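One structure below.
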Amino acid sequence: MASQQQLSAIKGARVLMVGAGGIGCELLKTLALSGFQDIHIIDMDTIEVSNLNRQFLFRQSHVGQSKAKVAREAVLKFRPHIKITPYHANVKDPDFNVDFFKQFNVVLNGLDNLDARRHVNRLCLAAEVPLVESGTTGFLGQVTVHVKGRTECYECQPKPAPKTYPVCTITSTPSKFVHCIVWAKDLLFAKLFGDKNQENDLNVHSTDAASSSEQAEDAFERRKDEDIEQYGRRIYDHVFGYNIEVALSNEETWKNRNRPRPVYSRDVMLNGLAQQNGNIFGATDDPSSVSAMASLGMKNPQDIWSLMENSRIFLEAFKLFFVKREKEFGNLTFDKDDQLAVEFVTAAANIRASSFGIPLHSLFEAKGIAGNIVHAVATTNAIIAGLIVIEAIKVLQNDTNNYRMTYCLEHPTRKMLLMPVEPFEPNKSCYVCSETPLTLEINTHRAKLRDFAEKIVKAKLGMYFPLIMHGSALLYEVGDDLDEDMVANYAANLEKVLCELPSPITSGTTITVEDLKQELTCNINIKHREEFDEEKEPDGMLLSGWTQSSSVEKDDNKSIDNGGSTSNASQTVPVDSEKNDEMGSVSSGKKRKLSEVPDAAAQDFSSVADSDGSRNHKKLELVDDDDDLLMLDADPGINKKKRLQ
């Protein structure tokens, strides 16, 4: 039973929930049943069929509707007297500024991407509102508390970068099925159906064009009087046949590798183009429901298709895109909930895998890889939602001594599935909450201001309405109230090399970057550097200074990282927790030693990839975009934390 003090804190609280997905549904239900009277929900998503197996507030009839609004209606049916305010919007919209956040007593996150998490963290810091962060992946989960000045903020520890692959591996020497998925999704699908102006590393030169001709034909351009079936076969033969032959011409590449086998449509399609067993137009008007599998009478997504079946799916999906969805061309991006897109990418990846001697995968498996899906466990979401509410109540009572970061484990550790740990202190080198200057190594004679703005300010620092200054000189600004002359001036600055700006940026200078909406300021010290490793430093610049603080415990000099993992970090906490004699339950009044934190408990499951769509053409990355699934790169035993006292 809750005490009178707790009930009073609960009833008088105004709570902001960000996210109404897997965790959000459970959280809203738990808040309502715990007595909270004033709840606000922000979520920009609409309900999809794939949500229904775990987001229990939604039904089939709700598909296509706002998650925030439907969640409100569902909860009001059993708690009609409480106030729930939904916002079907992006939390990064201008309306949700610092003043908006200041009206709440606590903010509870149930988000699905790093970018939004960072944004909410900064607004909470600026508004001085406590934040309870959370994340789940399969059976694993965590809840953390972030209070300005008392605990570390969400960004005190660098988060793992999205999994990236060198473009040469993806385009020329794939060795894993995931390489084929990235090629099919980020190169082939994007080239055929996405933004035609976007840079793409696929070989587009046709076999019909002379290599010396400047007017070499783009094989991806549809020819006059060419029907869809002919076009589809030509694309098939180009990417799976001709391009493989081009790769084979470089003998040096294959000295120590297995040589791939070119695949042409004539070799696998014995009976002409895919014979359809059904109506390609389907019975639905929903473009995202169009299916090549249905058209060909193939029903089981867990079947592993043969090369011929993959070829039939590829050509049928290609045709269906033109027949049913040509109006979307130029704006299409891969979506794991888009059945036709998943079918096309699965088939393309499997055909390429067959060529390179890589085992084929089912559509179900391919979808999981392409969407970075770790399949959700509804029970984990429910546990995490309950822990969020427990920490929220502590925050409302200002019970700082009992704040806990709690980790939900897959396997019992000393008979414990929930591992609470005292929060860490703020990281003094954090550029967000401690405003510590960063250092940027960059070629100031070659890099443009646009490179700095896109690759550092937006992609690395997460500022989307930046103001860039050098001393008193304003070099760039984003805003709706700028006059035409200012916009033109800033646009001109973007195309200038750093050392040639009106106020030149050279080695030793300091740039100030601000995001007025986040109320965040960051100083960056510039260090000129001539050369960069294209594989290791594809951006042509290196940001540093945002590092893990060193431990102050004299008897423990082990370093456990919560950002980029290192070999040292992986050795600091025993994997076999049963061999750790100091493991035990957490006493609320006692600080735990680093060695008392198990390997699984030390993971940060809310560290996910940015989904802002930013990509460098030198590397391709996998990012997570499911509503509550937080992808841990191939090895779930990723980064580990170090305690601060």
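The values are calculated or read from the model by the stated rules, or taken from the named source; none is laboratory data. Just so you know, these numbers come straight off a predicted model, no measurement behind them. Glycine gets a Cβ as well: all are built from the backbone with ideal geometry, and neighbour counts include every protein chain shown. Side chains included, ligands, DNA and RNA excluded: accessible areas come from the protein's heavy atoms. Shrake-Rupley method; radii C 1.70, N 1.55, O 1.52, S 1.80 Å.
Numbers at a glance
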| read-out | value |
| --- | --- |
| Test result for residue 17, touching a residue at least 60 places away in the same chain (Cβ under 8 Å), surrounded by 16 or more Cβ atoms within 10 Å (Cβ to Cβ), out of contact with any Ser or Thr (no Cβ under 8 Å at 6 or more places or on another chain) and not basic (Lys, Arg) | yes |
| Elements of type helices (runs of 4 or more DSSP H) in segment 324-443, at least 2 residues being assigned by the TED database to the domain that holds residue 506 and not aliphatic (A, V, I, L, M) | none |
| Among the candidates 223, 266, residue that is open to solvent by 60 Å² or more (accessible area, probe 1.4 Å), in a loop (DSSP other than H, G, I, E, B), in the same structural domain as residue 171 (by the TED database) and modelled with pLDDT of 75 or more | 223 |
| Within segment 44-73, tally of residues that are open to solvent by 40 Å² or more (accessible area, probe 1.4 Å) and outside any helix (DSSP H, G or I) | 11 |
| Residue count, segment 27-43 (criterion: open to solvent by less than 20 Å² (accessible area, probe 1.4 Å) and part of a helix (DSSP H, G or I)) | 4 |
| Residues of segment 32-84 classified as on the phi > 0 side of the Ramachandran plot and either outside the structural domain of residue 22 (by the TED database) or touching a strand residue (DSSP E or B) at 6+ places or on another chain (Cβ under 9 Å) (or both), total | 1 |
| Among (1) outside any loop (DSSP other than H, G, I, E, B); (2) farther than 22 Å from residue 540 by Cβ; (3) at pLDDT 90 or above - the single one residue 502 does not satisfy | (1) |
| Per-region count, segment 226-263, residues assigned to a loop (DSSP other than H, G, I, E, B), touching a Lys or Arg at 6+ places or on another chain (Cβ under 9 Å) and without any contact (Cβ under 8 Å) to a residue 24 or more places away in the chain | 1 |
| From the options 24, 12, 64, residue that is modelled with pLDDT under 95, among the small types (Gly, Ala, Ser) and closer than 30 Å to residue 398 by Cα | 12 |
| Single residue of segment 357-374 satisfying the filter (more than 23 Å from the chain's Cα centre (by Cα) and open to solvent by 30 Å² or more (accessible area, probe 1.4 Å)) that is farthest from residue 246 (Cα to Cα) | 361 |
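One line per residue, one yes/no per condition, for (1) buried (at least 17 other Cβ atoms within 10 Å of the Cβ); (2) within 22 Å of the chain's Cα centre (by Cα); (3) at pLDDT below 85:
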| position | (1), (2), (3) |
| --- | --- |
| 114 | yes, yes, no |
| 129 | yes, no, no |
| 151 | yes, no, no |
| 156 | yes, yes, no |
| 180 | yes, yes, no |
| 203 | no, no, yes |
| 207 | no, no, yes |
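Rundown of residues vs (1) open to solvent by less than 50 Å² (accessible area, probe 1.4 Å); (2) within 20 Å of residue 437 (Cα to Cα); (3) out of contact with any helix residue (DSSP H, G or I) (no Cβ under 6 Å at 6 or more places or on another chain), yes/no style:
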| residue | (1), (2), (3) |
| --- | --- |
| 487 | no, no, yes |
| 495 | no, no, yes |
| 502 | no, no, yes |
| 506 | no, yes, no |
| 520 | yes, yes, no |
| 529 | no, yes, yes |
| 532 | yes, no, yes |
